[in-house]
Structure formats: structure tokens, C-alpha cells
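Notes to accompany the following structure.
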Amino acid sequence: MPNEKLGFGASLALVVGNMVGSGIFLLPASLAIYGGISLVGWVFSSLGAILLAVVFGNLSKWLPEADGGPYAYTRVGLGEFPAYLVAWGYWVSIWSTNAAITVALVGYLGVFFPILKVEPQLAILTGLAFIWFFTYVNTRSIHTVGWVQLVTTILKLVPILLIGFIGIFYFKVEHFIPFNQSGSSNWSAITTTTTLTLFAYLGMESATIPATKVSNAKTTIRRATIYGTLLTVVLYILSSAAVMGIVPPEVLANSTAPFADAAALFWGDTAEYIVAAGAIIATMGALNGWLLIQGQIPLAAAKNGLFPKVFSQLNGRSQPAIGIVLSSLLVSLLMLLNFSESLVSAFTFMMTLSTLSVITPYLFSTASFALLVFAKKTKQKKLHLLLALGAFCFSIWIIIGCGQEVVFWGFLLLMSGIPFYVWLKRNEHAR
């Protein structure tokens, strides 16, 4: 069991599966109040995601055995304390992401079980059941996790492709007039929608995190990261534009299952159920993949003494079961705290908080990439430095787009990790 490895197919499924989840399936509702200008946000976030994917692809090529992805890259380039902040920030981002995914999953289940839309307690229990089922799956072997991820990724692409390609024929241009419906300036609307849509791309770096469990990591991770991101870009822009062109903005803004609602408008109720089923599979696949990651990041940090030792303990199948369970407890708590909000507003808040939390790892990974470029004698040094500068500026722009409230909470969450670092390092400074 310990020698099982993820191949290119499973790695690609981990990248695409972690990106194509709750983000694309519920984002059209969050973007509806902005109108057609949100498509410009999609373009900018796609360009930023490609920049970051190329950065991570190169880092994985240069550091193929660096288990922990952004955490490991930061530790090599910038040292222990920045690496700890990355591990902490990324960990916060992951359980925020899993809470948002669970909210979206329950929203699509509401198509089959309408009682979930009117009974918050039942919705919470349903969400918790899924969290803990996939927590169990992730305590099994990496082969089992990879197999589940591959199957759910294939199944989840079907409704997106159907809506994206067939929905073009039902497209209504008047849904995009006025182009900016937010009431704010065009630049403000683009900044906000770029931030919101970037959430759908979080996970492009997923294949870099279990590096030592990937077969031929030096080439497999890079290919999976870049190809997976490019494939996802095409799917996102096409399908998001189709949903917005099919469902009237006032209906879309209050939808808990935008893709299912779009399908129902041109294929009837049967299609609505089919698409909703595909969305449920998609969110389950994303939840499965992110639960894998939520155990691997603390595991890598704990091995270096930058997270409590309990996170480095492996079960008989070489999985960090205790770390996964502890993280799932936090996912459950965050979901409970936010379910008093409407489904869309709860999803939007957790989505933005997750995006902000992961920007620290992206920024530090980009800085480490630049330092490695300076250290290496390569013919593409200028091009790589421009790539690093572009990725860094894009990340700063995303922080601005998160807004004051989310930045406030994100900063507090990041800084709350410092006392734990002091506790972990207390004996190193004892006289």
C-alpha cells in the first residue's frame, strides 16, 4: 500500500476535480448582480490562474520531491517562518473551501429534496454527513482516493459541457443589458468579479502537494497543473456565459442550483434533475479531493516541526487520518456558523475568505520562484522573472478585490497562527 502512486490521469483529475466543483456550479448566482461585466472578471481570473499554474508547474519541475506544494516551495526559498504562515494560511483556506463546497452540495440536493431549502437543521445534518463520509474515504489508501477523484471528475464534466455547448442556442443577449448592473464603477465591478471567479480556480496547485505520492513527479505534476488549468479555463468561461445568457438575472441571483435551472428552461424538469445530479457528483468529487489536501499540507509541515506532531501520524494505509479528522471538525464548525445566512450569501462569504487565505501561499510561492530563477543559470531568466512579477501583481490585486471585511477576518485568521508557531518553537530559544 505505501508504494502506491498517482499517475498522470489521477493527478490531472486531482487538479481539474479540485477546481471544477462548487465554484462553477454556484458562482453564476453570486455573479448575477454584476451582469455581463462578470465575464470580463472571468477573463482576468483565467489569465491570472494560467500565470500561477505556470509558476507552480516550473516549481514542481525544479523541486519534484518537495512534498507540500506551496508550503515546501516557500520553505526552500524563504525559510521556516514564512513557510509556517503559508501552511497555516493554506490550511485555513482548505477548510473554508470545504465548507463552501458542502453548502453548494446541499443546495443542489435541494433540487431532489426541496425540504433542504426550508429546513436549515436538516440541511446542516446532510452537509455534515457528506463531510464525514469523505473524511472516511480519505483515511483509506491514496489509490482509493485517486480512483474516486478520477470517476467523479469524468462524471462532473458532462453537465458543464452540455450547458456550455448546447446552451449557446438558447442564449439571450438582453440578459447582459446593462452590461454592468452592479451600480459601481466598471473597474470596481471587474475587480470584485475577478476575485469571486478566482475561487473557482483554487486547486490548480493540487498535484504539487502530494508530490512524493506522484509517479514521475518531475514531469507528471507540471503537465497535470498546466493542462488541467487550461482545460478548466475553457469549460468555465463557456458554461458561465451560457448560464447567464439562459437564466434571467433576477432569477439567477436567487438560484441555489443555477445549472439545473438553466437546463430546466430549455429541456424541462427531467434535464434539471440530470444536471443537478451531475453538479452533486462534481461537488462530491471536489470535497473528496480537498479533504485529501487538508491532510497533506499539515502532514508536510508537521514533518518539519512546523505543525503539531499529531498531524504527522499515519494510519496503516499511510494516510494522515488524525490530521484529516481534526481538519474536518473545523470544516463542520465553519459550516454551522454560516448556515444562518442565505445559501448564496453564506457561499459567497466562505468563498471569498478561502480565496484570501490562499493568496498568502500564492504570493510566497511566487517569491520563492523568483529567488530560484535568480539562483539558476537559465536562458529564460527574463521571461521567468516577468512571469513571477505578473503572478505577484495579480495576487495583490485579488487581495484588494476581497474587500475590507474579508481582508480583516483573513488577516486575523492568519495572525492567529503566530502563537502556535511560538509554542512549537519555544524549546529552541530556551536557555
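The values are calculated or read from the model by the stated rules, or taken from the named source; none is laboratory data. What you see is a predicted model, and the numbers here were worked out from it, not measured in a lab. Positions of Cβ are generated from backbone atoms using ideal geometry, with glycine treated the same way; all protein chains shown enter the neighbour counts. We work out accessible area using only protein heavy atoms, side chains counted, and drop any ligands, DNA or RNA first. Shrake-Rupley method; radii C 1.70, N 1.55, O 1.52, S 1.80 Å.
Descriptive notes on the structure:
- Taken over the stretch 238-275, the residue count meeting the criterion of being surrounded by fewer than 24 Cβ atoms within 10 Å (Cβ to Cβ) and assigned to a helix (DSSP H, G or I) is 18.
- Filter result for the condition that a residue is open to solvent by less than 20 Å² (accessible area, probe 1.4 Å), under 30 Å from residue 273 (Cα atoms) and not β-branched (Val, Ile, Thr), over 230, 125, 235: 235
- Scoring residue 111 on the criteria (1) more than 20 Å from residue 230 (Cβ to Cβ); (2) under 17 Å from the mean Cα position of the chain (by Cα) leaves a single failure, condition (2).
- Some residue of the stretch 87-100 being more than 24 Å from residue 421 (Cα to Cα), open to solvent by less than 10 Å² (accessible area, probe 1.4 Å), under 21 Å from the mean Cα position of the chain (by Cα) and modelled with pLDDT under 80: yes
- Only listed residue being farther than 22 Å from residue 358 by Cα, of a type in the set (Gly, Ala, Ser) and without any contact (Cβ under 8 Å) to a residue 60 or more places away in the chain, chosen from 245, 183: 183
- Subset of the stretch 55-65 that is in a helix (DSSP H, G or I) and surrounded by 20 or more Cβ atoms within 10 Å (Cβ to Cβ) - its residue that is nearest to the chain's Cα centre (by Cα): 56
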